[in-house]
Amino acid sequence: MEPQENNIKLLTLSEVATILKISKRTLHRMIQHRQIPAFKVGGQWRVLESRFQDWMHVEEQAQPRLG
């Protein structure tokens, strides 16, 4: 049995800010208020891509539908 390779992808704050189309400052504020799941690696903030995708899905479902 071969070990499974984990495809763990960490996103930088710049990458997440670009995806959300917000400033890094706004993103950092959201992280401080624990609105976005993030953690520090070597003193720099990182976001696990899979948790970020889960967060986006939850946020999308929480938004009221227009029309």
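The values are calculated or read from the model by the stated rules, or taken from the named source; none is laboratory data. Since we're looking at a predicted model, the values are computed, not measured. Here the Cβ is made from the backbone with ideal geometry for all residues, glycine too, and neighbour counts use every protein chain on show.
For first residues located in segment 23-36 and without any contact (Cβ under 8 Å) to a residue 12 or more places away in the chain, partners that are hydrophobic (A, V, I, L, M, F, W, C) and assigned to a helix (DSSP H, G or I) and lie 6+ apart or on another chain with Cβ distances below 7 Å form the pairs S23/A17; K24/L13; K24/A17.
Listed here are the residues, each with its yes/no results for (1) more than 15 Å from I8 (Cα to Cα); (2) hydroxyl-bearing (S, T, Y); (3) surrounded by 12 or more Cβ atoms within 10 Å (Cβ to Cβ).
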residue	(1), (2), (3)
L27	yes, no, yes
M30	yes, no, yes
A38	no, no, yes
G43	yes, no, no
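Taken together, R25, R46 contain a single residue that is at pLDDT 95 or above and either hydroxyl-bearing (S, T, Y) or outside any helix (DSSP H, G or I) (or both), which is R46.
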